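The values are calculated or read from the model by the stated rules, or taken from the named source; none is laboratory data. Note that the coordinates shown come from a computational prediction; the quantities given were computed from them, not determined experimentally. Counting neighbours? That spans all protein chains shown, and the Cβs are built from the backbone with ideal geometry, glycine included. Ligands, DNA and RNA are excluded from the accessible area calculation, which covers all protein heavy atoms including side chains. Shrake-Rupley method; radii C 1.70, N 1.55, O 1.52, S 1.80 Å.
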Amino acid sequence: MNRPVLGIPQNTIDILQKYNFSFQKKFGQNFLIDTHVLDKIIRAADINKEDMVLEVGPGIGTMTQFLAEAAGKVAAVEIDKNLIPILNDTLAGYENVRIINDDVLKLDIRGLISEENEGKPIKVVANLPYYITTPIIMGLFEEHVPVESITVMVQKEVADRMQTGPGNKDYGALSLAVQYYAKPYIVANVPPNCFMPRPKVGSAVIRLTCHERPPVAVEDERLMFDIIRASFNQRRKTLANGLNNSDKIAFPKEVIMDAIEQLGKGASVRGESLTLEEFARLSNALAQRPCPDGDF
Ligand code: SAM
């Protein structure tokens, strides 16, 4: 079938004009208009005809066309109902694409995967709406949705935060959460002129290859993430004070100090210097102590 490749800017302009489409800022609509970037994303996602791909926010179908050529099946979830007739046009003839008009944060993705892929792990590929990058990615991880890899365009600063380690100013709760569930790799930086309209921020493609098992053994995941959040919520404080001041951590200060000492760290240590493995050890040490509020 001879359909216009939307990664070519003039073809995108033609479709937008044909449907008199107005961009909605609230939905983070910045459409890709660069075929080299699209090729790079598809290559990094490493898709083949055995794969089911979930695309979040297909827009006018620019990346969906590339995904449909490479994958066995594509489920494309788009919130903006004005884009649905456009997608039906630009993706006409692709038998392996299912367009779903829904909010991805409300969709039963697990149910979709059982229905369309017998519950087997899928690949997520998207030029994400930046305003919900973290809830989308953390939702997939925390709900243990069967996902093999996530290859997505995100704000450059967010990609840096996901990939970095201790000692870097970008290191924080997002870095540790992402690295607990996946191995991050920044594939490419992408400038604003590759999008229509141009975003105000730089972008990057990041691939997160999901771990089959987390790289560290954690007795109580919720406790570890409460500890991580408490440590970074009060960056200027020592780790002990950060944890002691948090209403999520109910251990007495001497118990906290003792657990920090077991790590081989001094009283002045800050959370931002701890690795994922050290946070896991700290949380395992605390998980063995009786909690004063009787949570355990
Ligand atoms: N994939 C297209 C491209 O690369 O040209 C569009 C990407 S654009 C950055 C983000 C897309 O996500 C938009 O089409 C937007 O309407 C859609 N979107 C925003 N919020 C969404 C949500 N909660 N659920 C599903 N789609 C959403």
Tally of residues being in contact with a helix residue (DSSP H, G or I) (Cβ under 9 Å, 6 or more places away or on another chain), over 21 Å from Pro214 (Cα atoms), open to solvent by 20 Å² or more (accessible area, probe 1.4 Å) and not polar (S, T, N, Q) across the range 170-192: 2
Qualifying helices (runs of 4 or more DSSP H) (wholly inside the range 194-296; at least 1 residues being closer than 30 Å to Pro129 by Cβ and touching a Gly at 6+ places or on another chain (Cβ under 7 Å)): 221-233
Those residues of the range 110-134 which are open to solvent by less than 40 Å² (accessible area, probe 1.4 Å), touching a Gly at 6+ places or on another chain (Cβ under 8 Å) and assigned to a helix (DSSP H, G or I), in sequence order: Ile113, Ile132
Any hit, the range 147-159, residues being farther than 16 Å from Arg207 by Cα and open to solvent by 30 Å² or more (accessible area, probe 1.4 Å): no
Filter result for the condition that a residue is open to solvent by less than 70 Å² (accessible area, probe 1.4 Å), within 15 Å of the ligand (Cβ to nearest atom), among the aromatic types (Phe, Trp, Tyr) and out of contact with any Ser or Thr (no Cβ under 7 Å at 6 or more places or on another chain), over Phe31, Phe66, Phe23: Phe66
Qualifying position, being at pLDDT 95 or above and under 30 Å from Ile15 (Cβ atoms), among Ala188, Ala177: Ala188
Matching residues in the range 110-129 - criterion: being within 11 Å of the ligand (Cβ to nearest atom) and either in contact with an Asp or Glu (Cβ under 8 Å, 6 or more places away or on another chain) or modelled with pLDDT under 95 (or both): Val125, Ala126
Inter-residue pairs, beta-carbon under 7 Å, first under 20 Å from Ser203 (Cβ atoms) and in the range 113-135, second within 13 Å of the ligand (Cβ to nearest atom) and of a type in the set (D, E, K, R), 6+ apart: Val125/Glu55; Ala126/Glu55
Residue check for Leu208: aliphatic (A, V, I, L, M), touching a residue at least 60 places away in the same chain (Cβ under 8 Å) and out of contact with any His (no Cβ under 6 Å at 6 or more places or on another chain): yes
Ile99 within 15 Å of the ligand (Cβ to nearest atom) and either part of a helix (DSSP H, G or I) or crowded, with 23+ Cβ neighbours inside 10 Å (or both): no
Tally, over the range 135-149, of residues that are within 17 Å of Ile100 (Cβ to Cβ), of a type in the set (A, V, I, L, M, F, W, C) and assigned to a helix (DSSP H, G or I): 2
Selection count, the range 44-57, where residues are within 11 Å of the ligand (Cβ to nearest atom) and open to solvent by less than 10 Å² (accessible area, probe 1.4 Å): 3
Subset tally (residues that are of a type in the set (D, E, K, R), touching a residue at least 12 places away in the same chain (Cβ under 8 Å) and more than 23 Å from Arg110 (Cβ to Cβ)) for the range 136-175: 5
Which numbered condition Leu282 misses (of (1) closer than 21 Å to Thr164 by Cβ; (2) modelled with pLDDT of 95 or more; (3) under 24 Å from the mean Cα position of the chain (by Cα); (4) not acidic (Asp, Glu)): (3)
Residue selected from the range 79-89 under the condition under 24 Å from Ile42 (Cβ atoms) and open to solvent by 10 Å² or more (accessible area, probe 1.4 Å), by the criterion farthest from the chain's Cα centre (by Cα): Asp89
Of all residues in the range 1-20 being within 12 Å of the ligand (Cβ to nearest atom) and part of a loop (DSSP other than H, G, I, E, B), the one that is nearest to Tyr94 (Cα to Cα): Leu6
Subset tally (residues that are without any contact (Cβ under 8 Å) to a residue 24 or more places away in the chain and either within 11 Å of the ligand (Cβ to nearest atom) or assigned to a helix (DSSP H, G or I) (or both)) for the range 84-96: 2
